Amino acid sequence: MRYAMIICCLLAFSQRGFTQEKAPLKVAMLIPIEPWDRKAGLEAWRKWLEDRYRVEITWIEPAVPQPNKDTPEAERKAYYAKPPAIPNLHKALDADVVFTALTHVSVNEQQSESLLKLLTTKPVVGGRRSHHAMGLKLPKGVTVPGIENVGKYGGAIFGGEYAGHHGGTQQIKEGSTDHPIVRGLPDLTKFALTDRGYKHKIVADDVTVLIEMKDSKEPQTWCRVNKKTKQRTVYTVHDPRDIEAHESVRVMLTRALFWAAEKNEADYKK
């Protein structure tokens, strides 16, 4: 009788183990300051994700906007002399994957080191401007593996660098139509980027271009598996306005999160 009870307990425990749900995907979202891009677009995507997937999203946003032409000179000097800390940045360390849209913000020396280490070690999906529009400065004598020049952080992380503006219509790059990030999403190329496309300089040979400009062939969305570190990253020119307006962009970026994190999207659907 005792052995029978033990066996029943083991079977029950085993069945619970097999049916237990996976932990939610932990996503850290690094958010831009208005008016650069529309934060509302990212808020809409967050709700869209939470309605459809088991995700745990950490929202990380600078508390102080970068000075503009109307900022008093004294405030401007104080900001750049000692950039304010980004609240809760350390919470991104627990994430399975990082989405970054940080742009037009200066980062203090200590957090520059933390941020660069984060963005060179975690799976990362980057939105528009995230590869070129931050002011970073490492403490004297401090280096981050893989980053030779903080001003070129985008190329080091994503394998491609901003090189100017370019408008036009996009297309899925030949040979990439079956890639899991863009497969079956023809609507991604049905709206023009007008003057919001970018010229890019691809600096790594381990980049896979997914979407390009139809006429110029300028890459606009690509993914990378770093051949040295095996880190997975995705970059797209699309910004929160596109995320808010186009279902296809939301789907693409969601797939990018799971691809970068090497997780099966189906396992996290509600």
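We did not get these values from a lab; they are worked out from the coordinates using the rules stated. Note that this is a predicted model, so its numbers are computed, not measured. We place every Cβ from the backbone using ideal geometry, glycine too, and count neighbours over all the protein chains shown.
Pairs of Lys residues in region 131-194 are counted when their Cα atoms are under 28 angstrom apart and they lie 8 or more places apart or on different chains; the count is 4. Working from Cα positions, state the angle (0 to 90°, nearest 10) between the long axis of helix 247-261 and the longest principal axis of the chain. Helix 247-261 sits at roughly 70 degrees to that axis. Legend: ranking of residues Arg183, Arg255 from fewest to most surrounding C-beta atoms inside 10 Å; resulting order Arg183, Arg255. Around the amide H of Ile202, modelled in the peptide plane, lie the amide H atoms of Glu161, all under 5 Å away and 5 or more residues distant in sequence or on another chain. Calculate the tail of P(r) for the chain: the fraction of all Cα-Cα distances greater than 27 Å, expressed in %. Cα-Cα pairs in the chain separated by more than 27 Å: 41 percent. Computed 3J(HN,Hα) for region 66-80, one whole-Hz value per residue from the Karplus formula 6.51 cos²θ - 1.76 cosθ + 1.60 where θ = phi - 60°, is 4, x, 10, 5, 8, 6, x, 4, 4, 5, 4, 5, 5, 4, 6, glycine and proline marked x.
When the Karplus curve 6.51 cos²θ - 1.76 cosθ + 1.60 is applied with θ = phi - 60°, which whole-Hz ³J(HN,Hα) does each residue of region 207-220 get, with x for Gly and Pro? These are the phi-based 3J(HN,Hα) values: 8, 10, 6, 9, 10, 9, 5, 4, 8, 8, 6, 5, x, 10 Hz. Near Thr236: Cβ cut-off under 10 Å, other residues only, Lys/Arg at +1 and Asp/Glu at -1. The net charge is -1. Compute the angle between helix 39-52 and the longest alpha-carbon principal axis of the chain, please, reported from 0 to 90 degrees and rounded to the nearest 10. With rounding to tens, the tilt is 10 degrees.
Rounded to the nearest 500, the 222 nm mean residue ellipticity of the chain from helices alone is -9000 deg cm²/dmol, with -39,500 (n - 2.57) taken per DSSP H run of at least 4 residues. Between Lys199 and Thr121, the contour length at 0.36 nm per residue exceeds the alpha carbon distance by 25.5 nm. In this structure, the residue pairs whose Cα-Cα separation is over 18 Å, taken from Lys82/Lys122; Lys117/Lys228; Lys117/Lys201; Lys122/Lys269; Lys26/Lys47, are Lys82/Lys122; Lys117/Lys201; Lys122/Lys269.
For trypsin sites (Lys or Arg not before Pro), the sites in region 18-123 that DSSP calls loop and that have at most 16 other Cβ atoms within 10 Å are Lys22, Arg54, Lys69.
Taking Cα atoms only, the orientation of helix 109-121 departs from the longest principal axis of the chain by about 50 degrees.
Distant-in-sequence amide contacts of Ala133, defined by a placed amide H-H separation under 5 Å and a gap of 5 or more residues or a different chain, comprise His104. What does the charge add up to near Gly141, with Lys and Arg as +1, Asp and Glu as -1, over the other residues with Cβ less than 12 Å from its Cβ? Here the count lands on -1.
Within straight-line reach of Lys227, meaning a Cα separation under 16 Å, sit the following aspartates and glutamates at least 8 residues removed in sequence or on another chain: Asp205, Asp206, Glu262. Bridge orientation summary for region 22-268: considering DSSP beta bridges with both residues in this region, about 50 percent are antiparallel.
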